[in-house]
1. Within the range 41-83, can you find the residues that are part of a helix (DSSP H, G or I) and among the β-branched types (V, I, T)?
2. Hey, any hits in the range 37-44 for a residue that's out of contact with any helix residue (DSSP H, G or I) (no Cβ under 8 Å at 6 or more places or on another chain) and of a type in the set (S, T, N, Q)?
3. Applying the selection to the range 90-100, what residues are outside any loop (DSSP other than H, G, I, E, B) and over 27 Å from S30 (Cβ atoms)?
4. Going residue by residue through the range 56-65, is there one that turns out to be over 19 Å from K21 (Cβ atoms) and loosely packed, with under 12 Cβ neighbours inside 10 Å?
5. Listed residues Q57, Q102; which is farther than 18 Å from Q9 by Cβ and without any contact (Cβ under 8 Å) to a residue 24 or more places away in the chain?
6. Is the range 71-78 home to any residue that is crowded, with 19+ Cβ neighbours inside 10 Å and farther than 15 Å from P105 by Cα?
7. All but one of (1) touching a residue at least 24 places away in the same chain (Cβ under 8 Å); (2) surrounded by 15 or more Cβ atoms within 10 Å (Cβ to Cβ) hold for D108, so report the exception by its number.
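Laboratory data are not the source of any read-out in this text; all were calculated from the coordinates shown. Please read these numbers as outputs of a predicted model, since none were measured by experiment. Cβ placement follows ideal geometry from the backbone for every residue including glycine, while neighbour counts extend to all protein chains displayed.
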Amino acid sequence: MTEKPKKKQQVYTLLVEVGRKEGDGLPKASTGAGVLCYASGVDEAEAVRETVAILKQADLAPLDVTGYGTLEDRLAHGDEIDEDERALMQRALDENAVIVAQMTPFDD
């Protein structure tokens with residue numbers, strides 16, 4: 001029996017829209033938030049599943065996830081990625097983790 005080669009972990013940039021939930025810690029007037037995350041996974045689907053699970057554990061209510069791909073995908077698309085962002089991506093990879101980089105509350 002031959003072993004399948006292990007898929008390499010990659011880091012995906014994800015923007016998660018969250019709604020309101022009791023205990024979510026968002027400002028009273030906000031209707032939800034956008035949460036920018038860097039998540040490791042063997043594919044984007046795994047990164048999304050892990051991110052949604054972590055945000056739910058944090059008492060947030062994920063509604064929608066938009067994936068922006070890996071660092072290579074984003075560079076190919078013409079995105080400029082600064083050293084701070086690259087460091088957060090590397091941390092997500094090193095720790096096999098979901099890193100929340102930014103949370104922006106929405107006010108309607």
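1. Looking only at the range 41-83, we keep the residues that are part of a helix (DSSP H, G or I), and these are 44-57, 71-76, 83.
V48, T51, V52, I54, listed by residue number.
2. Our first condition is that a residue be out of contact with any helix residue (DSSP H, G or I) (no Cβ under 8 Å at 6 or more places or on another chain); within the range 37-44, this holds for 42-44.
Imposing the further condition that a residue be of a type in the set (S, T, N, Q) reduces the set to none.
No, there is no match, as no residue in the range 37-44 is out of contact with any helix residue (DSSP H, G or I) (no Cβ under 8 Å at 6 or more places or on another chain) and of a type in the set (S, T, N, Q).
3. Q90, R91, L93, D94, E95
4. no
5. Working: Q102 fails: without any contact (Cβ under 8 Å) to a residue 24 or more places away in the chain.
Q57 is the lone residue from the list that is farther than 18 Å from Q9 by Cβ and without any contact (Cβ under 8 Å) to a residue 24 or more places away in the chain.
6. Yes: one or more hits.
7. Of the numbered conditions (1) touching a residue at least 24 places away in the same chain (Cβ under 8 Å); (2) surrounded by 15 or more Cβ atoms within 10 Å (Cβ to Cβ), the odd one out for D108 is (2).
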